1. What's the extension gain from E212 to S52 if we count 0.36 nm per residue and subtract their Cα-Cα distance?
2. Sticking to Cα atoms, compute the Rg of the chain to one decimal and its Dmax as the biggest Cα-Cα distance, whole number, in Å.
3. With a 10 Å Cβ neighbour count serving as the proxy for reagent exposure, in which order, fewest first, do V53, V35, V362, V72 appear?
4. Specify the angular offset, from 0 to 90 degrees and rounded to the nearest 10, of the alpha carbon long axis of helix 20-30 from the longest principal axis of the alpha carbons in the chain.
5. So what J values fall out for segment 141-146 if you push phi through Karplus, 6.51 cos²θ - 1.76 cosθ + 1.60 with θ = phi - 60°, rounded to Hz, Gly and Pro as x?
6. Enumerate the lysines that K171 could reach by cross-link, defined here as Cα to Cα under 25 Å, with residues fewer than 8 away along the same chain left out.
7. So what's segment 157-208 giving for Cα Rg divided by 2.2 N^0.38 Å, two decimals?
8. DSSP beta bridges in the chain, what fraction antiparallel, as a percent rounded to 5?
Amino acid sequence: MKAMLPLENIRIIDLTTVAMGPLASQWLGDFGADVIKIEAPEGDSTRHTGPSVEPGMAAMFLSANRNKRSVVLDLKQAEARDALAGLIDGADVFMHNVRPQKLARLGIEPGPLMERNPRLVYAGLHGFGEAGPYGGRPAYDDIIQGLSGCADLMRRQTGRPLYFPTIAADKTTGLIAAMAILAALAGRAAAGRGSIVEIPMFECMAGYNLVEHLYGRQFEPPRGNTGYPRVLSPHRRPYRTRDGHICMMPYTDAQWQAFFEEAEATEAASDQRFASMASRTTHIDALYALAAGLIERKDSAYWLDACERIGVPASPVLSLDELIDDPHLGAVGFFSTLQDPALGTIRMPGVPILFDGARPPVRMPPRLGQHNSEILGEDTSDQEEARAGRAPD
């Protein structure tokens, strides 16, 4: 018998676009929720971002919209807004990333919706908290990385402000949004009523970066500066070996002593600067520079074998292309391969979480408006399609 996923009885109406919101709803769909993606007639912009075989099914859309169904509604039309309200009336969760000043015009402000559906979890995914002076401003990943300290962290390490080379704010806040929605659903189960959840990118990423980097400013008065020295060290990078690079992470006192012994660095082993966690953190640049000089004397294979023998975490440096063929990911069945009549073979990262030992299935991301008829029960006449702002199936 097929195992039931945790969210299979949950219906989510998803009026989000681009990356943060779609990634959040994708997680919920991965866990079994029925995610109905509401799209404008032109579709989510990511349908056109990256390589594609079929118009509207580009790589970026495929990566953030699996395990969903698609309904097209032109919310400029009153009939389409009524149709959306009807869907929300029967849903467990409504999530959107519409700027606050546009909510009333679209008829999706929380008050009326929750009056009609008191058990609704209403999730607003915004750039900034509505109560602050930035509330209502547009925000994308680059903007949030600049404001939340990401670019400054890169400046401290490299000497110039840079963005993380990944959509870190979108992906991180998407994860937090999924977690917050799950928490609200758990709260509803206890209280019997829904709630309004506000998920602001700026605050989420500020909290994300300040976990370790608030550091000395954790205290009043301050007991040091912001910034965790170990991860900001310009020497914190894969170590060069005689024939390549490896990642190595001696961390505990015992691991550093084992590494120094293996490297025949007797003076370093007795150096009080490196004897404890606190002193190593204070002298982290000197420690990493010393380690780099020792490691580059021998081949990568030597160090990988030695580290396994002495109990020091180490690994090769994989390229993104090598990651696709990684033997561990292959053995655990991480990647999913889908066959589509038009797109051909599609590879996707699978759901990384197992439930009762089983990996949840991955369903093909939907084509634009693919599920209008089955979800809305609309007539298939051209007139009805145009009136509701829907795309033909």
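A short reminder: the numbers here are calculations on the coordinates, not readings from a lab. Bear in mind the structure is a predicted one, so any value in this text is a computation, not a measurement. Note: ideal-geometry Cβ built from the backbone for every residue, glycine included; neighbour counts use all protein chains shown.
1. 53.6 nm
2. 25.3, 84
3. Values: V53 12, V35 28, V362 19, V72 25.
In increasing order of surrounding Cβ atoms, one gets V53, V362, V72, V35.
4. Here the helix axis deviates by roughly 80 degrees.
5. In residue order, the calculated couplings are 3, 4, 5, 5, 4, x Hz.
6. Reachable lysines: K37, K68, K102.
7. Numbers: Rg = 15.4 Å, N = 52, 2.2 N^0.38 = 9.9 Å.
This ratio for segment 157-208 stands at 1.56.
8. On the way: 12 of 35 bridges.
Antiparallel: roughly 35 percent of the beta bridges in the chain.
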